[in-house]
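Values quoted throughout were computed directly from the atomic coordinates according to the rules given, and no laboratory measurement underlies them. Since this is a predicted model, take the numbers as computed values, not measurements. Here the Cβ is made from the backbone with ideal geometry for all residues, glycine too, and neighbour counts use every protein chain on show.
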Amino acid sequence: MSDDLSAAARAYSNIAFIKYWGNADDALRLPASGSLSMNLAGLHTTTVLRWSEDLIGDSLTINDQIAQPHALRRTSAHLDVMRERLGIRHRAEIRSSNNFPMGTGIASSASAFAALTLAATAALGVELSQRELSALARRGSGSAARSIPPGFVEWFTGASHDSSYAETIAGPDHWDLVDVVAVVSREHKRVDSTAGHATAASSVLQSARLQTVEDRLRMAKGAILRRNFEQLAAVVEEDSNLMHAIMMTSRPALFYWQPASLAIMQAVRRWRERDGLEVCYTLDAGPNVHCICASSDAQVVKSRLKAIDGVNDVLYSEAGPGAHLIADE
Ligand code: DP6
């Protein structure tokens with residue numbers, strides 16, 4: 001073991017085409033269903049982590065600011081999982097930075113926990129398989145499991161810690177799809193996904209979603225493998241609508257959409273059905289609208305989105321790589 005127990009890792013956010021919403025096991029973050037996503041090359045977290053026996057506690061900065069206590073608690077809880085796996089008692093000093101707005105339904109926890117997991121192992125000189133890294137990242141944030149492997153990724157439900165991990169179904173170069181994110185709000189969301197997952201089962205619609213999710217996973221996977229945009233668009237929008245229907249009918253009800261979100265969804269359908277643009281929408285636990293489109297249509301989509309009232313900003317991202325180590329910055 002060298003003296004310098006530090007490493008730097010970068011991981012990319014991902015956008016789910018078939019959503020993760022609700023856990024079968026909250027403590028282990030075993031999801032109620034499988035999910036499917038695309039990593040986002042333009043939206044990433046970079047994390048530098050140093051383990052030391054001399055530290056009295058873990059510390060965390062995010063974008064050079066000392067993190068809020070709840071963020072540090074969540075990070076420390078994940079480090080406890082890592083400490084147990086790695087057989088150490090060291091505390092860690094962590095510097096993390098995002099190149100995108102946090103807490104707006106753009107999955108910052110996915111890239112954050114994927115980068116943290118990789119940095120924590122690499123800092124100790126431990127090389128884990130992609131599968132094990134993915135399962136471990138899942139313990140920090142479910143969607144982080146999908147930010148470990150590259151490209152288009154499927155996360156298997158699994159019935160145990162080891163069997164719930166994500167795997168690439170096609171590399172980032174397989175299909176030049178782009179995620180053009182219409183940013184409607186940069187405000188921190190009031191109910192985060194962790195709290196949301198816990199309410200999913202209170203919606204009478206959740207069981208119907210779970211009964212049919214395997215069909216949607218098969219359809220989405222087939223559409224990706226065959227690069228069939230029309231089929232992908234249909235199943236991606238249906239799955240997003242279903243998840244939001246569950247959110248809206250949970251106890252308490254969760255409404256993430258804002259008026260501008262709905263205006264964008266309606267516009268996207270028109271652009272596809274009337275104008276023949278290859279574009280479809282999907283929303284996570286926030287009001288921002290991810291517009292998945294063919295790269296050839298991305299510029300048109302971007303300028304049309306900017307013209308919609310309530311759109312503050314537009315982010316652009318191609319399919320991205322998996323989590324990887326970088327030279328310490
Ligand atoms: C709506 O992975 O953020 O974005 O495990 O509690 O961190 P935690 O939840 P998280 O949930 C993501 C929910 C979603 C859908 C998705 O990305 O599949």
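In the chain, taking the dipole from charged Cβ atoms about the Cα centre, the farthest positive-side position among GLN231, ALA27, THR249 is held by THR249.
Counted over region 200-328 with a bin width of 5 Å, the fraction of Cα pairs per bin, in whole percents, is 2, 9, 17, 19, 19, 15, 11, 5, 2, 0. Compared with the dominant principal axis of the Cα atoms in the chain, helix 108-122 is inclined by about 30°. Shown here for region 225-329: trypsin sites (Lys or Arg not before Pro) in loop regions (DSSP other than H, G, I, E, B) with at most 16 other Cβ atoms within 10 Å, namely ARG227, ARG274. Between ILE88 and any residue 5 or more places off or on another chain, the built amide H atoms are never under 5 Å apart. For THR249, the residues whose modelled amide H falls within less than 5 Å of its own, excluding neighbours fewer than 5 places apart on the same chain, are LEU254. The C-alpha atoms of the chain define a longest principal axis, and helix 69-86 lies at about 60 degrees to it.
Annotation: amide H-H contacts under 5 Å for ILE326 (H modelled 1.01 Å from N, sequence separation of 5 or more, or interchain): ALA8, ALA9, ARG10. This model, with +1 at the C-beta of Lys and Arg and -1 at the C-beta of Asp and Glu, gives the chain a dipole about its Cα centre of some 760 debye. Translational diffusion of the chain, estimated by Stokes-Einstein from the Kirkwood radius over alpha carbon pairs at 37 °C in a medium of 0.692 mPa s, is 166 µm² per second. Overall shape: prolate for region 6-173, with the ratio a/c of the largest to smallest alpha carbon gyration tensor axis at 1.5 or above and a/b above b/c.
Rounded to 0.05, the FRET efficiency of the ASN228 and ASN63 pair, given R0 = 45 Å and the Cβ-Cβ distance, is 0.70. What the phi angles of region 223-240 give under the Karplus curve with 6.51, -1.76 and 1.60, with θ = phi - 60°, is a coupling list of 5, 5, 4, 8, 6, 9, 5, 4, 5, 5, 4, 4, 6, 5, 5, 4, 5, 5 Hz, glycine and proline written as x. Using the Karplus relation 6.51 cos²θ - 1.76 cosθ + 1.60 with θ = phi - 60°, the per-residue 3J(HN,Hα) values for region 298-315 come to 5, 5, 4, 4, 4, 6, 5, 5, 4, 7, 7, 4, x, 8, 8, 6, 10, 9 Hz, with x marking Gly and Pro.
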